[in-house]
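*Asks:* My structure is below; once you've seen it, I'll send some questions.
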Amino acid sequence: MSAGSSLPYRLRPNKAVDRELFLSLLMRLAPVLSLEKYHYVGLGGPFLEDFRLVHARLGVGRMTCIETEAEVHKRQLFNRPIASIECVHNTLEEYLDEIDFETPAIVWFDYTEPKGITTQIERFARTIGAVPLGSVLRITLNANPESLGKPLPSDISVEIGDAASGDRAAKPTVQEWRLARFKERVGQLFPSGLSPEGMTHKTYGASVLRVLKLAVEKEALNFRDRQIVWSLATHYKDGQAMVTAALVVCAAADASVGNLLKEWEFLSTPDVPHRLDLPALSTLERLTMESNDDIREKMAFDLPKSDMGEDPITVFKKFYRIYPHFSRVEL
Amino acid sequence: MTRPTTDQAEASPTKRFFVSMLTRDINLADAILDLLDNCLDGALRLANGGNVDYSQHFVKIKLAADHFSIEDNCGGIPREVAKNYAFKMGREPDDDRDSESETIGMYGVGMKRAIFKMGREALVRTRHGDDTFEVPITSAWLEAKGWDPLPINEPTEASEELAEPGTVIRVDELYGGVARHFANEAFENEVRTAISEHFTMFLQWGLKVDLNGTPVEPVFVEVLVSNRADGPAPFVFQKAIDDVLVSITVGLNTGRSLGNDDEDEPGFERDRSSATAGWTVLCNDRAVIVGDKSRLTGWGDGIPLYHPQFAIITGIIEFRSKLADKLPVTTTKRALDTSSNVWLESLVKMKEGMRIWISYTNQWKNHPRVDQSNYWEDSKPLSLAKTIAAIALRSDVKKSDSQIEFNPQKAKVLPEPPGKTPSSRRVVFSRPVEELRLVSKMLFDVDDEKPGIVGEKCFELTLAKAKKQEP
């Protein structure tokens with residue numbers, strides 16, 4: 001886990017919404033699947049906030065927190081909010097290789113490192129066949145196109161509509177350059193027909209999710225006893241852009257989970273992820289936006305847009321219910 | 001001496017045996033490609049020996065959980081051909097279609113095999129000129145004992161007509177496994193990739209192939225060629241062997257250094273080669289094999305086995321002949337006849353080309369921090385034909401009436417790493433990331449310098465010390 005990813009949730013409102021969406025999914029599934037009997041496996045970071053919430057909302061008893069770094073692991077042992085949480089000093093991959101799940105599991109592959117996405121995706125895809133039926137799997141992947149590297153300005157040309165730089169024929173655009181690196185990075189998982197347009201800040205998340213979906217669907221063809229029900233996909237950015245996808249591994253003939261999720265307001269698949277691009281708001285702004293229909297008239301200014309390009313007011317209206325409200329408490 | 005009786009032993013094949021044998025040695029994606037092959041052979045026949053304008057032709061393929069269909073405007077099936085040959089299992093010796101054109105079909109099983117592979121009900125509707133008719137293949141016919149001829153029906157309603165000459169094949173009552181595949185997005189992607197690779201030349205010439213409503217884009221299989229007459233260039237060989245024109249090139253698909261991306265990934269090195277790394281084999285413009293990295297194309301046969309180090313090497317070989325049975329392909333058209341003379345003779349040259357680049361990557365792997373990409377800056381990726389055309393202009397190419405050959409190693413146009421010494425050895429080791437951060441912070445004032453660079457600087461420090469202490 002890199003130093004940056006231990007930033008507390010209050011500084012990352014979009015990640016907080018993303019987590020609320022996942023908890024909301026679990027709450028919806030809980031009565032049908034009896035999630036309280038599940039085994040929850042995740043990467044807790046130094047504060048194990050996800051673990052505290054999963055335990056509080058769902059009553060999951062058996063929980064395992066995996067950590068590769070020795071110091072963080074010791075800190076987790078100190079910070080763990082519930083004594084029953086098992087803290088393991090290992091990699092998630094090795095832990096999964098060594099365990100035979102006795103009950104269905106909830107496993108959150110909370111990856112942040114962009115370079116290993118091919119291995120991460122393959123590992124996630126492979127797990128759908130290794131967990132008991134009913135298990136819920138979730139993955140977070142880095143979706144920052146700049147993680148593919150930065151070409152020297154002299155190595156690229158630009159093109160907008162009909163206008164292009166003189167060396168356009170000889171040099172790629174930055175998107176074409178990224179596409180070539182992306183191809184190298186994902187190798188055989190590269191989706192046929194993916195174009196340079198999928199390599200912008202706005203679209204890269206969708207391209208990563210496409211690779212993920214194809215890898216999982218391909219793996220699913222190998223199993224006749226189970227099917228994949230995609231349930232939640234998000235694309236968000238606080239600092240680093242990330243994408244997530246969650247799925248339920250169901251018995252092949254079982255339509256109950258699919259039916260249960262059909263009516264869920266936040267149901268989303270990797271094809272159309274929720275784009276969580278919420279503005280940072282003052283308390284007054286937030287209360288105004290929640291209690292008024294004519295927000296644009298009431299607030300005679302434009303909220304800033306991020307490079308994901310979503311309209312902040314539309315996004316707020318969709319997710320205001322689970323938008324976190326943090327305030328300072330002095331102890 | 002025995003004498004003949006009036007009794008006879010039945011020796012004709014049963015349908016069940018025939019269908020199961022026929023469909024066993026082809027996979028589902030290849031069966032679809034076979035149907036596409038037929039469309040293209042149709043376009044070739046339509047041109048009647050002339051050049052085909054592929055941009056005038058389309059093929060639309062639909063994969064769904066409940067049916068398969070493929071539709072083209074490539075001329076359709078003449079009624080005489082339908083009556084006598086097209087639905088026969090295997091090709092008759094008196095069927096002399098295509099003797100003068102570069103088609104690839106030769107055994108006459110493709111369409112039937114594809115249909116039987118997928119499902120139990122099929123309808124072939126075709127229009128040749130103004131003559132429209134259809135041939136149903138029903139599950140009742142499939143289950144019946146004899147080999148009754150199939151009916152030929154003519155349209156009675158407008159909806160049974162076709163707008164232009166061409167063929168529509170529809171298969172229903174798909175087998176369970178087939179339906180599961182057709183509904184699966186990853187399988188659709190696999191088919192799309194296969195089409196974009198195997199039919200890349202036709203797609204580049206303008207053929208429109210549409211899979212589930214989205215056009216298929218060609219994949220470019222190319223090698224780097226420098227503009228400069230003394231710049232780095234691929235190995236090239238061209239010669240006519242047994243009525244087959246063989247063209248070979250082996251070169252790099254990228255000038256970028258190896259292993260500078262995910263170097264700190266744990267475990268074994270991953271193969272992150274693109275589909276176009278390895279060998280691509282073309283027969284009369286169809287790619288029979290794409291990106292092969294196995295013994296088939298020479299890897300591990302007198303040269304090293306394929307390894308991710310070689311992911312930047314691309315080889316392309318093309319066989320071209322008007323005589324389809326001279327081409328080294330098998331009935332599935334997606335595999336090679338490796339015992340043919342033309343293949344064996346070519347393989348020698350393919351390996352010769354590979355050795356050049358294997359030793360090139362060996363030289364550079366001991367210099368991971370030195371960028372080789374500058375040397376390739378003025379080079380462009382070119383197709384096989386363009387590569388040969390470009391290399392043929394060079395002064396140091398060996399040219400005679402019957403062949404062209406260029407060896408970049410002998411022509412001394414390959415870049416060598418600076419400070420190359422034969423005594424270079426590689427130093428590799430692993431340390432926990434916490435320790436790496438500590439050392440990186442001390443040396444570079446940032447805690448995330450690349451592990452390779454941290455290690456190298458540590459070695460330099462110790463080396464300087466060692467040199468000082470030396471008496």
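*Asks:* Suppose every K and R has +1 on its Cβ and every D and E has -1 on its Cβ; what is the size of the dipole of the stretch B:348-471 about the Cα centre, in Debye to the nearest 20?
*Replies:* The calculated dipole for the stretch B:348-471 is roughly 540 debye.
*Asks:* Is there a simple number for the mean count of other chain Cβ atoms within 10 Å of the Cβ of residues in B:207-217, and what is it?
*Replies:* 1
*Asks:* Could you list A:Ser231, B:Ser196, A:Ser24 so that the one with the fewest beta carbons within 10 Å of its beta carbon is first and the one with the most is last? Write out the running numbers ahead of the final one.
*Replies:* Working: A:Ser231 25, B:Ser196 22, A:Ser24 17.
Result, fewest neighbours first: A:Ser24, B:Ser196, A:Ser231.
*Asks:* Using Cα centres only, tell me the gap between the stretch A:9-68 and the stretch B:145-180 in whole Å.
*Replies:* If you average the Cα positions of each part, the centres end up 54 Å apart.
*Asks:* With angles folded into 0 to 90 degrees, how steeply does helix B:451-469 sit against the dominant principal axis of chain B? Use alpha carbons for both and round to 10.
*Replies:* Helix B:451-469 and the main axis of chain B meet at about 30 degrees.
*Asks:* Separate question: Over chain A, what relative contact order in percent results from Cα pairs under 8 Å that are six or more residues apart?
*Replies:* Value for chain A: 17 percent.
*Asks:* Determine the distance separating the Cα centre of the stretch B:209-259 from the Cα centre of the stretch A:306-331; give it in Å without decimals.
*Replies:* 51 Å
*Asks:* Looking at the stretch B:398-454, which chymotrypsin sites (Phe, Trp or Tyr not before Pro) are in a loop (DSSP not H, G, I, E or B) and have at most 16 other Cβ atoms within 10 Å?
*Replies:* Counting only loop positions with at most 16 other Cβ atoms within 10 Å, the chymotrypsin sites (Phe, Trp or Tyr not before Pro) in the stretch B:398-454 are B:Phe429.
*Asks:* Under the definition of partner shielding as Cβ atoms of other protein chains within 10 Å of a residue Cβ, what is the mean value for peptide B:183-194?
*Replies:* Average per residue, whole number: 5.
*Asks:* Considering only the other residues whose Cβ falls under 14 Å of the Cβ of A:Lys318, what net charge follows from Lys and Arg at +1 and Asp and Glu at -1?
*Replies:* Result for the neighbourhood of A:Lys318: -4.
*Asks:* In nm, to one decimal, how far is the modelled label at B:Lys83 from the one at A:Asp167, with both set 7 Å along Cα→Cβ?
*Replies:* So the two model labels end up 6.7 nm from each other.
*Asks:* Here's another thing I want to ask about it. Residue by residue, what Karplus-based ³J(HN,Hα) values in Hz, rounded to whole numbers, does the stretch B:199-211 have, using 6.51, -1.76 and 1.60 with θ = phi - 60° and x for Gly and Pro?
*Replies:* So the J values, rounded to whole Hz, are 10, 4, 4, 5, 5, 5, 7, x, 4, 9, 10, 10, 10.
*Asks:* Let me ask you something else. Order by neighbour count: A:Lys305, B:Lys333, B:Lys468, fewest other Cβ atoms within 10 Å first, most last.
*Replies:* B:Lys468, A:Lys305, B:Lys333
*Asks:* Under a plain spin-label model, where a point goes 7 Å from the Cα along Cα-to-Cβ, how far apart in nm are A:Thr91 and A:Arg321?
*Replies:* 4.0 nm
*Asks:* What is the extension gain from A:Asp100 to A:Ile82, computed as 0.36 nm multiplied by their sequence separation minus the C-alpha to C-alpha distance, in nm to one decimal?
*Replies:* Using 0.36 nm per residue and subtracting the Cα-Cα distance, I get 4.1 nm.
*Asks:* Something else about it: Quick check: the distance between the Cα centres of the stretch A:140-173 and the stretch B:382-398, to the nearest angstrom?
*Replies:* 30 Å
*Asks:* Just checking the output field for A:181-192: average partner chain Cβ neighbours within 10 Å of each residue's Cβ?
*Replies:* Numbers: counts 2, 0, 6, 9, 4, 2, 9, 7, 3, 5, 5, 16.
Taking the mean over all residues of the peptide, I get 6.
*Asks:* Go through B:Pro418, A:Val211, B:Ile312 and say which Cα lies farthest out towards the positive end of the charge dipole of the protein assembly as shown; charges sit on Cβ, +1 for Lys and Arg, -1 for Asp and Glu.
*Replies:* After comparing all options, I get B:Pro418.
*Asks:* Any chance you could give the angle, 0 to 90 degrees and rounded to 10, that helix B:433-444 forms with the longest Cα principal axis of chain B?
*Replies:* Its long axis makes an angle of about 50 degrees.
*Asks:* Let me ask something else. When chain A is treated as a GNM, springs tying every alpha-carbon pair under 10 Å, which of A:Thr173, A:Thr64, A:Thr244 comes out with the largest mean-square fluctuation?
*Replies:* Highest fluctuation of the listed residues: A:Thr173.
*Asks:* Now for a separate question. Show me, for the stretch A:98-106, the HN-Hα J-couplings you get by feeding each phi into the Karplus relation (A = 6.51, B = -1.76, C = 1.60, θ = phi - 60°), rounded to Hz, glycine and proline as x.
*Replies:* The phi angles translate into 9, 10, 10, 5, 8, 10, x, 10, 10 Hz.
*Asks:* In the protein assembly as shown, what percentage of the DSSP-assigned beta bridges are antiparallel, given to the nearest 5?
*Replies:* Of the beta bridges lying entirely in the protein assembly as shown, close to 75 percent run antiparallel.
*Asks:* Would you list which lysines come within 20 Å of B:Lys62, measuring only between C-alpha atoms, while excluding same-chain residues fewer than 8 positions from it?
*Replies:* A:Lys218, B:Lys112, B:Lys117, B:Lys208
*Asks:* Sorting A:Arg178, A:Arg123 on the 10 Å Cβ count, fewest up front, what's the list?
*Replies:* Lowest to highest Cβ neighbour count: A:Arg123, A:Arg178.
*Asks:* Sticking with this one: Would you calculate a helix-derived [θ] at 222 nm for the protein assembly as shown, using -39,500 (n - 2.57) for each DSSP H run of n ≥ 4 and dividing by the full residue count, to the nearest 500?
*Replies:* -9500 deg cm²/dmol
Values in this text are rule-based calculations from the coordinates and carry no lab data. Just so it is clear, the model here is predicted, and its values are computed rather than measured. Cβ sites come from the backbone with ideal geometry, for glycine too, and all protein chains shown count toward neighbours.
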